[in-house]
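Remarks on the structure that follows.
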Amino acid sequence: MTTWINNLKIAIIEKDIKHIASTIKELPKFEDLDRAKEALSLVGLAIEIVESEKQKTLETMKKIKQTKEFLSLST
């Protein structure tokens, strides 16, 4: 369990979405309430990072679409 928590911490620090997703998919069963609370908190942070990256991607896609439309009108 400690390894799982450490892996998730590393993924969060690195903002590695793929690593976050793969780590969360392997969620272990927690026997200790403190570890479960820590895991819950980390999963919450991971969700915030994923949502933030999703928003950045949507904004980038919108800018690319606008640029593409501008360039198609210019030619």
So which of 30, 70 is in contact with a helix residue (DSSP H, G or I) (Cβ under 8 Å, 6 or more places away or on another chain) and at pLDDT below 95? 30
Starting from region 22-42, keep only residues that are free of Cβ contacts under 8 Å to residues at least 60 places away in the same chain and under 14 Å from residue 11 (Cα atoms), then list their pairs with residues that are among the aliphatic types (A, V, I, L, M) and surrounded by 11 or more Cβ atoms within 10 Å (Cβ to Cβ) whose Cβ atoms are within a distance under 6 Å, requiring at least 6 positions of separation or different chains. 23/8; 23/11; 42/8
Do you know which residues across region 1-19 are in contact with a Leu (Cβ under 7 Å, 6 or more places away or on another chain) and among the β-branched types (Val, Ile, Thr)? 5, 12
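The values are calculated or read from the model by the stated rules, or taken from the named source; none is laboratory data. Here the structure is a predicted model, which is why all the values come from computation and not from measurement. Note that we place each Cβ from the backbone using ideal geometry, even for glycine, and neighbour counts take in every protein chain shown.
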